[in-house]
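The values are calculated or read from the model by the stated rules, or taken from the named source; none is laboratory data. These numbers were taken from a predicted model, which means no experiment stands behind them. All Cβ positions, even for glycine, are placed from backbone atoms using ideal geometry, and neighbour counts span all protein chains on display.
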Amino acid sequence: MPAFHPGFEALPAEIPVFPLPGALLLPEGRLPLNIFEPRYLAMVTDALGAGRMFGMIQPLPDAPPGPTGPALCPVGCLGRISSFAETEDGRFLITLTGVIRYTLAGELAMRRGYRRVRADYAPWRADLDIEGRPPPPVDRAALLEALRAYFRARGIDANWEAIERTADAMLVTTLSMVCPFDPREKQALLEAPDACARARMLIALLRIGAHGPASAPRGRPI
């Protein structure tokens, strides 16, 4: 198991969360973040001193807010800070590497302005079983065909040499995270039961997106 992956029993039961509409973190994926709001600067500072982990999660669309802010989606992903830099103007530039998904098991009192939750990892334990796991069967030809049509329709330039070199599983993870899908579509990709289901869903979303209107831009943290 990679060094940044804790064992299941070592996962934190209570975690800070970063609610960000349209931002998707998946296990083994890498999410760059520019942290500048005071409450999230405090969250990252606290995380650096306590296991370097916090959770990504999306606000739940159309749900009534609670006392700490907008309602949250039922599933998020725990990440570990795998790179960190501080800018001269006081921002943090970090990379968050996905560890395991979690089900929201309740919200806790806020700390230093940021939100905290209880996380249930049991339904997603297989996310940690990465050593010796066979790669998921992916229809790579169908994926690349759908991707080319999607990028062409959206006017997106791509490094096709890098894409061709990327292994199937990481390609599905990376494309799921970086393609500008709707937040609900991002959540569906997150909650896909396994990598095979996510790959099929990704191909379907690319095909739909190649013929539909552009997705809304990524939102701000809440």
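At a glance:
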| quantity | calculated |
| --- | --- |
| Check on residue 164, among the acidic types (Asp, Glu) and in contact with a strand residue (DSSP E or B) (Cβ under 8 Å, 6 or more places away or on another chain) | no |
| Residue 32 out of contact with any Gly (no Cβ under 6 Å at 6 or more places or on another chain), closer than 16 Å to residue 85 by Cα and not in a loop (DSSP other than H, G, I, E, B) | yes |
| So residue 101, is it exposed (fewer than 14 other Cβ atoms within 10 Å of the Cβ) and either without any contact (Cβ under 8 Å) to a residue 60 or more places away in the chain or among the basic types (Lys, Arg) (or both) | no |
| Filtered residue count, the range 148-172, keeping only those that are more than 20 Å from residue 198 (Cβ to Cβ) and in contact (Cβ under 8 Å) with a residue 40 or more places away in the chain | 3 |
| Residue 101 at pLDDT 95 or above, closer than 19 Å to residue 45 by Cα and of a type in the set (D, E, K, R) | no |
| The range 155-182 - residue that is of a type in the set (Ser, Thr, Tyr) and in a helix (DSSP H, G or I) and, of those, surrounded by the most Cβ atoms within 10 Å (Cβ to Cβ) | 173 |
| Subset of the range 97-143 (residues that are touching a strand residue (DSSP E or B) at 6+ places or on another chain (Cβ under 6 Å), part of a helix (DSSP H, G or I) and under 26 Å from residue 204 (Cα atoms)) | 123, 124, 127 |
| Residues of the range 56-96 satisfying the condition of being in a loop (DSSP other than H, G, I, E, B), surrounded by fewer than 20 Cβ atoms within 10 Å (Cβ to Cβ) and of a type in the set (S, T, N, Q) | 68, 87 |
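Per-residue answers, yes or no, for (1) touching a Gly at 6+ places or on another chain (Cβ under 6 Å); (2) within 12 Å of residue 17 (Cα to Cα); (3) modelled with pLDDT under 95:
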| residue | (1), (2), (3) |
| --- | --- |
| 37 | no, no, no |
| 67 | no, no, yes |
| 75 | no, yes, no |
| 92 | no, no, no |
| 135 | no, no, yes |
